[in-house]
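Chemist: Dropping the structure in here first, questions after.
The values are calculated or read from the model by the stated rules, or taken from the named source; none is laboratory data. Since we're looking at a predicted model, the values are computed, not measured. Here the Cβ positions follow ideal geometry from the backbone for every residue, glycine too, while neighbour counts run over all protein chains shown. With ligands, DNA and RNA removed, areas are computed over all heavy atoms of the protein, side chains included. Shrake-Rupley method; radii C 1.70, N 1.55, O 1.52, S 1.80 Å.
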Amino acid sequence: MTEGLRERKKRLTRQHISDVATGLFLERGFDAVTIAEVAAASEVSVNTVYNYFSTKEALFLDREDDAVQWLATVVRGRPAGESAADAVLRALRAEAVAVSPRLGLIDGYDRFLRVIAQSQALRSRLLDMRHRAVEALAVVLAEEAGAGAGTMPALVASQLGWIQGHVVEFIQRELTEGRTAAQTSRAALGLLDEIESLLGERLLGYARRPAV
C-alpha cells in the first residue's frame, strides 16, 4: 500500500528523534542523556518523544520488537522439510553473508557496544529481550507440537536462542577487537559451521515440517 502523508510524517519524525538520540548517546553515554535533552535537540516536546518511544531504552534499541520476534518469525515461516534448527541456522548464515546490521555487522558498531557496556539499564534490557525472544519461539514450537509436547518446545527454544546469542556475542567481540564487518561476517560463517557440527540429531531434526 502507498504510504500516506500522515504515516510518512510520523515515520520521519520517529526516525529523526531516534537519530538525534543515538548521536547524543554515542557522544555522552546513555545514562548521561535525559529524555528532555533528546526532545530539545530534536525540537519536539517531551510528550512527543514518549508518543513514539515508551522508555529511554527504546530510543537506543529502536528495533526491539523486530529483534524479539525474529527467531519465532524465522521458525514459523520455514518451508516444508526444514526443522526449527535448520531454519535458524539458515537464517543466521543468510544474515552473515549479507553483512546484516541485524547481527551487528556494521563498521563502527563498537561505538554502540561501548555505550551498552557502560549502562546497566541497557544490558538488563538486552537480557530481557533475549528471554522474550526465547519465550516467543517456545510458543510457536508448542503450538505446532500440540498437547503432550512436554518441555521439549521450551528446551529447543532455549538451545536455538543460545545459538543466536552466541553468534551475536562472537560478532561483538570481533568488532571490538578491530575486525571489519566483512571480516567478521566470514568468521561468523565458520562459527556457525562449528556450532552445527556439535548439535545432536534430536535437536537438528526437531519440528521438521512435513513435506507437502
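Chemist: From the helices alone, meaning DSSP H stretches of at least four residues, give me the mean residue ellipticity at 222 nm for the chain, per-run term -39500 (n - 2.57), in deg cm²/dmol to the nearest 500.
Modeler: Helix-only estimate at 222 nm: -23000 deg cm²/dmol.
Chemist: Moving on to the next point. Kindly express, to the nearest 10 degrees and within the range 0 to 90, the angle between helix 152-176's C-alpha long axis and the longest C-alpha principal axis of the chain.
Modeler: 50 degrees
Chemist: Can I ask one more? Would you work out which of LEU204, THR55, ALA138 lies farthest towards the positive end of the dipole of the chain, given +1 charges on the beta-carbon of Lys and Arg and -1 on that of Asp and Glu, about the Cα centre?
Modeler: About the Cα centre, the residue reaching furthest to the positive side is THR55.
Chemist: Report relative contact order for region 1-79 in percent, whole number only (criteria: Cα-Cα under 8 Å, sequence separation at least 6).
Modeler: 26 percent
Chemist: For a test of the definition: using alpha carbon positions, the gyration tensor, and the 1.5 limit on a/c, classify region 1-46 as rounded, prolate or oblate.
Modeler: Verdict is prolate for region 1-46.
Chemist: Of the listed values (i) 14.4; (ii) 15.4; (iii) 12.9, identify the label whose number matches mean projected area of the Cα convex hull in nm² calculated from this model.
Modeler: Among (i) 14.4; (ii) 15.4; (iii) 12.9, the one derived from this structure is (i).
Chemist: Order SER124, SER54, SER100 by their accessible area, 1.4 angstrom probe, all chains in place, largest first.
Modeler: Result of the area sort, largest leading: SER54, SER124, SER100.
Chemist: Normalising by the residue count of region 26-168, find the relative contact order in percent from Cα pairs under 8 Å and 6+ residues apart.
Modeler: Reported as a whole number, the value is 27 percent.
Chemist: Also, I was wondering about something else. Can you give the angle from 0 to 90° between the axis of helix 5-28 and the longest principal axis of the chain, with both taken from C-alpha atoms, to the nearest 10?
Modeler: 80 degrees
Chemist: If you find the alpha carbon centre of region 169-187 and of region 1-65, how far apart are they in angstrom?
Modeler: 28 Å
Chemist: To continue, here is another question. Any idea what angle helix 120-145 forms with the longest principal axis of the chain, computed on alpha-carbon atoms, 0 to 90 degrees, nearest 10?
Modeler: Once rounded, the angle reads 40 degrees.
Chemist: Heavy-atom accessible area per residue, the chain, 1.4 Å probe: how many Å²?
Modeler: On a per-residue basis, the chain sits at 55 Å².
Chemist: Still on this structure, I have one more. Can you tell me how much longer the chain between ARG123 and LEU155 gets when fully stretched, taken as 0.36 nm per residue apart minus their C-alpha distance, in nm with one decimal?
Modeler: Stretched fully, the ARG123-LEU155 segment lengthens by 9.1 nm.
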